[in-house]
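Down below is the structure, laid out as structure tokens.
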Amino acid sequence: MIQHPDKNFIDPILVKIYDHPAYFAHVEEESDGKPWFHEIKEHLTKGEYLELENPTQKHTLRRLSNNFFHSGGIMYRRTPDLGLLRCVNAKEASELLEEIHAGTCSPHMNGIVLAKKILRTGYFWMTMDTDCIQYV
């Protein structure tokens, strides 16, 4: 830590605390029939914000969409090593959980290892860690 030449104190940082999250990422079931990545997909293809009126939600959607890529009707998530993970909906996610945990690849691993194995297989959804732990 270095001392500021004119002052002996650090200016305070103002932090805003909101009552609700800027973007709700936890999806258990798709009640409207649209996948969890529908808003991100629409923003990437058309540049629209479907039902978002709050500027903070719009900003968060823009920030989230930087990590995603849309090609041929399929959504992919970019990884830090420039790989692509295929985004899956809730039905496909439950099939993946069942197949990888107890199917062909059946070592019956714990939740965190199961989530990492799904990532290595090339699939992604926002709540995969929580879903894998609950499934196991």
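Kindly sort LYS34, LYS16 by accessible area of their heavy atoms, largest first, with the probe set to 1.4 Å.
LYS16, LYS34
How far apart, in nanometres, would the label points at VAL136 and THR45 be if each is projected 7 angstrom from Cα along the Cα-to-Cβ direction?
Label-label distance for VAL136 and THR45, simple model: 3.6 nm.
What accessible surface, in Å², does a 1.4 Å probe find on HIS108, ignoring ligands, DNA and RNA and rounding to the nearest 10?
110 Å²
Considering only protein heavy atoms, with the full assembly of protein chains and a 1.4 angstrom probe, order ILE133, ILE17 by accessible area, largest first.
Ranking ILE133, ILE17 by accessible area, largest first, yields ILE17, ILE133.
Output wanted: per-residue J couplings in Hz (rounded whole) for the range 82-95, from phi through Karplus 6.51 cos²θ - 1.76 cosθ + 1.60, θ = phi - 60°, x for Gly and Pro.
6, x, 10, 10, 6, 7, 10, 8, 5, 5, 5, 5, 5, 5
Want the number for ASP32 to ASN66: 0.36 nm per residue separation, take away the alpha-carbon distance, what's left?
9.8 nm
The values are calculated or read from the model by the stated rules, or taken from the named source; none is laboratory data. This structure is a prediction, so every number in the text was calculated from the model and none was measured. Note that each Cβ is placed from the backbone with ideal geometry, even for glycine, and that neighbours are counted across all protein chains shown. Ligands, DNA and RNA are excluded from the accessible area calculation, which covers all protein heavy atoms including side chains. Shrake-Rupley method; radii C 1.70, N 1.55, O 1.52, S 1.80 Å.
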